[in-house]
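The values are calculated or read from the model by the stated rules, or taken from the named source; none is laboratory data. Small disclaimer: the values here were computed from a predicted structure and weren't measured.
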Amino acid sequence: MNGNFKVYSLSALFNKQQPKEELFDVDCPISSACVVGSAKGLVCLFNQRETCILNPTFRKSKKLYVMWGSSLAAKCGFGYDESHDDYKAQFISCCRNSSHHVVNIYSLRSDSWTTVHEHFQGIFLINCLGKYVNGKLYWASSTGISTYIVSKIISFDLADETWGSVALPFVDKTSLISNRESWE
């Protein structure tokens, strides 16, 4: 993402109208950034050198500083912890030549980082960006490093900072085939 954010009124979008008037521009505080996620009006931006949390409404941003060491940030997520009234950014780094992961969690409320070393035994997170839903970040996972067949959904609870998993629903392939035939 380069350049500026353009902020428009949501009422036009909800009423399926073209936005007539731009409310204001917000300069992007870091260049070539991707949006990690957004929650309750804040947006987390990231590139390999910088991370920031942006409040486009007030046109303010906060750069986050973290030392990545000898690892590379591979997975990240951003969300809101309602029970502690806190916004959290999470970065999961893969240590070189190891199956260990370093999980860095930033708390906006305390303006501090927590680092946890995790060993995801036989679990490989597929998507780079965690999806934020109701206080948790979610990643699709597989059981092989070179396969992208989703085996389950891995979750991270932002409130108690614990990992969990959700099994995929069982799908009877024969019923899918018979339902498909009835659609044709």
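Do we find a residue being at pLDDT 90 or above, on the phi > 0 side of the Ramachandran plot and of a type in the set (D, E, K, R) anywhere in region 156-174?
Yes.
If you scan region 14-68, which residues turn out to be at pLDDT below 65 and not in a loop (DSSP other than H, G, I, E, B)?
Result: 22, 23, 24, 25, 26, 27.
Give the residues of region 153-163 that are farther than 14 Å from residue 130 by Cα and assigned to a strand (DSSP E or B), sorted by residue number.
Within region 153-163, 162 is the sole residue that qualifies.
In this structure, is residue 89 modelled with pLDDT under 70, under 19 Å from residue 45 (Cα atoms) and under 14 Å from the mean Cα position of the chain (by Cα)?
Details: modelled with pLDDT under 70: no; under 19 Å from residue 45 (Cα atoms): yes; under 14 Å from the mean Cα position of the chain (by Cα): yes.
For residue 89, the condition - modelled with pLDDT under 70, under 19 Å from residue 45 (Cα atoms) and under 14 Å from the mean Cα position of the chain (by Cα) - is not met.
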